[in-house]
Amino acid sequence: MNQADGFDAVVVGSGPNGLVGAVMLARAGLKVLLLEAAAEFGGGLRSGPLTGLDGFTHDMCATVLPLTGASAAFRELDLKVDWAFPAVQAAHPLDGQDAVLVHRDIARTADGLGSRRDAIAWRQSVGAAAADGFGLVDSLLSPLSVPRAPVRLARYGALGALPATALGRGLFSGERGRAVLAGMSAHSMVDLRRPITGGYGLLLAALAHQVGWPVVRGGSARLAAELVALLASHGGTAEAGQPVGDLAEVPRAPIVLLDLTPRQVLAVCGDRLPPGYAGKLRRYRYGPGVFKLDWALSGPVPWRDPQVSGAATVHLGGSLAEIARGEADVAAGRHPERPFVLAVQPCAADRSRAPDGKHVLWAYCHVPNGSDVDMTAAIENQLERFAPGFRDLVIARAAHGPAALERHNENLVGGDIAGGYSGLAQFLRRPVLSARPWRTPLPGVYLCSASTPPGAGVHGMGGYHAARLALAELGSAAPVRAARG
Ligand SMILES: Cc1cc2nc3c(=O)[nH]c(=O)nc-3n(C[C@H](O)[C@H](O)[C@H](O)COP(=O)(O)OP(=O)(O)OC[C@H]3O[C@@H](n4cnc5c(N)ncnc54)[C@H](O)[C@@H]3O)c2cc1C
């Protein structure tokens, strides 16, 4: 059947998951076609002159990539990526005191928490999670496989199952430890009073020690370009500017991987899907959106605490209580006056992103899904709070609310950058409750986006799992080329 078009596998969407999935299939000897709707490959890995100024390179989406370094898929692919590491992995400024700094070194980070008790708590929680090779992170990024490190996973799980608010208050007596854990946990985009939000924070903090929080020199698009080149080196074909509106438009192939979220899967597969499965996809829940700003700056951000300049990632939102309040507001459909702001200054690691002396910066805050509220003032106020005079440096600014993000990439439904709500229920039911959630009821059609385990982030593991499952189930029936070779 595949002879008509000559492809063994077609991948729809070229985000990190689609790209990794395509490479895995091509490496196994399959003849692969990758179709991308946008003019450029990469999905969340695209870079460009967003502020319209020459010499300034902005990442539209992902910049800081600890999950890439930690991912079994990327370790296996062993790409030639020019990683740039900041001096400080993450910084969390606080009012009236020095910022909390997360270093590669566990002890140095722990010692900055302000008390011996909290230093010990950091070492025993985050430090322990970071301590042992990749066993724990592999188990977390392959949540439906037999755990590689069951004892460590159980120890991590006992803490990580908790809401970030309870974990922060339970582990740390002082504000410094509590706040930094809240900032890490808020990446989940889930109300910090909900279960497992503490686990997101613990994992991200542990990765700061284990693999660092690096950026790709020259922009995240270079990582996508490496993956496209690797696909080509294995005989794969990648075509941009090819939106797929219906499965019928996809060249016939035994394996189809969809790097799409449930809403688009419903549109593309139409009434081919059995009603029961389609109903589950319709009930899939999207999470909050983001409102993102990119700036071209005439100089470095004037942080009140100059040590913050060394970090590519800066969490702005003050205390655990304040961050939790802001995230609870968003979860309840409100726009916080003082939102948690995730700011990224790539120049802290990679000077190539802006002309000499100039800088780029981006920041987003969470907003209710589909919000059309302009959060520019709220975000810039948080920057001014910790970096007075910030606004004086702005040469140009680009704003992308949920609707603009979704126009950029249809997977960002309502501005949700995580491919779906990431609370406990949908951690296990992503997008359906199944031991093999990548498989759809349509023969040969698999899902591989961030709407499948292990969820959001640039780790490519959705693509890795989907491709391996497809190869195990259909690989021997599919390959035209492998069979010939
Ligand atoms: C503003 C922002 C900041 C982020 N920051 C970070 C970060 O610093 N670190 C990190 O690890 N993660 C970050 N993320 C999350 C990360 O980008 C995503 O989790 C990741 O890109 C998901 O990968 P994916 O392959 O599932 O989908 P995506 O990267 O979303 O790619 C999906 C692709 O499918 C294409 N597509 C959609 N519909 C169709 C169709 N019908 N036909 C053909 N093609 C189609 C899209 O155009 C897109 O290229 C960020 C995301 C955003 C938006």
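The values are calculated or read from the model by the stated rules, or taken from the named source; none is laboratory data. For clarity, every value in this text was computed on a predicted model and none was experimentally measured. Positions of Cβ are generated from backbone atoms using ideal geometry, with glycine treated the same way; all protein chains shown enter the neighbour counts. These area figures cover heavy atoms from the full protein model, side chains too; ligands, DNA and RNA do not enter into them. Shrake-Rupley method; radii C 1.70, N 1.55, O 1.52, S 1.80 Å.
Tallying residues that are open to solvent by 20 Å² or more (accessible area, probe 1.4 Å), within 16 Å of Ala26 (Cβ to Cβ) and outside any helix (DSSP H, G or I) within the range 455-475 yields 0. Condition test on Ala158, is it small (Gly, Ala, Ser), surrounded by fewer than 22 Cβ atoms within 10 Å (Cβ to Cβ), in a helix (DSSP H, G or I) and modelled with pLDDT under 95? In short, no. For the range 11-25, a residue qualifies if it is within 12 Å of the ligand (Cβ to nearest atom), of a type in the set (Val, Ile, Thr) and either closer than 17 Å to Ser233 by Cα or free of Cβ contacts under 8 Å to residues at least 12 places away in the same chain (or both), and the qualifying residues are Val11, Val20. Could you look through the range 132-149, keep only residues that are outside any helix (DSSP H, G or I) and in contact with a Ser or Thr (Cβ under 8 Å, 6 or more places away or on another chain), and pick out the one that is nearest to Arg468 (Cα to Cα)? Taking the candidates together, the pick is Ser145. Using the structure shown, decide if Trp295 is open to solvent by less than 10 Å² (accessible area, probe 1.4 Å) and within 21 Å of Ala450 (Cα to Cα). Considered against the rule, which asks whether it is open to solvent by less than 10 Å² (accessible area, probe 1.4 Å) and within 21 Å of Ala450 (Cα to Cα), Trp295 comes out as no. Of all residues in the range 47-64, one or more are of a type in the set (A, V, I, L, M) and within 6 Å of the ligand (Cβ to nearest atom). In the range 400-428, the residues that are open to solvent by less than 30 Å² (accessible area, probe 1.4 Å) and within 11 Å of the ligand (Cβ to nearest atom) reach residues that are of a type in the set (A, V, I, L, M) and in a helix (DSSP H, G or I) with C-beta atoms within less than 7 angstrom, at least six apart or across chains, in these pairs: Leu412/Leu405; Gly415/Leu405. Residue count for the range 342-381 satisfying the condition of being within 27 Å of Gly318 (Cβ to Cβ) and in a helix (DSSP H, G or I): 9. Right, Leu167: buried (at least 17 other Cβ atoms within 10 Å of the Cβ), in contact (Cβ under 8 Å) with a residue 12 or more places away in the chain and aliphatic (A, V, I, L, M) or not? Against the criterion (buried (at least 17 other Cβ atoms within 10 Å of the Cβ), in contact (Cβ under 8 Å) with a residue 12 or more places away in the chain and aliphatic (A, V, I, L, M)), Leu167 qualifies. The residues of the range 140-155 that are open to solvent by less than 20 Å² (accessible area, probe 1.4 Å) and under 24 Å from Val180 (Cβ atoms) amount to a single one, Leu141.
For Pro437, are the conditions met, namely being open to solvent by less than 40 Å² (accessible area, probe 1.4 Å) and within 13 Å of the ligand (Cβ to nearest atom)?
Values: open to solvent by less than 40 Å² (accessible area, probe 1.4 Å): yes; within 13 Å of the ligand (Cβ to nearest atom): no.
So Pro437 fails the test.
Go through the range 264-303 and give me each residue that's of a type in the set (Phe, Trp, Tyr), away from the ligand (no atom under 16 Å from the Cβ) and within 30 Å of Met375 (Cα to Cα). Reasoning before the result, please.
Taking the range 264-303 first, the residues of a type in the set (Phe, Trp, Tyr) are 277, 284, 286, 291, 295, 303.
Among the residues that remain, those that are also away from the ligand (no atom under 16 Å from the Cβ) are: 277, 303.
The one that is of a type in the set (Phe, Trp, Tyr), away from the ligand (no atom under 16 Å from the Cβ) and within 30 Å of Met375 (Cα to Cα): Trp303.
Only one of the listed residues (Ser233, Ser220) is open to solvent by less than 30 Å² (accessible area, probe 1.4 Å) and among the polar types (S, T, N, Q). That residue is Ser220.
Please specify each residue of the range 26-36 satisfying the condition of being more than 19 Å from Asp59 (Cβ to Cβ) and either under 23 Å from the mean Cα position of the chain (by Cα) or free of Cβ contacts under 8 Å to residues at least 40 places away in the same chain (or both).
Here is the first cut: in the range 26-36, the residues more than 19 Å from Asp59 (Cβ to Cβ) are 26-35.
Across the range 26-36, the qualifying residues are Leu34, Leu35.
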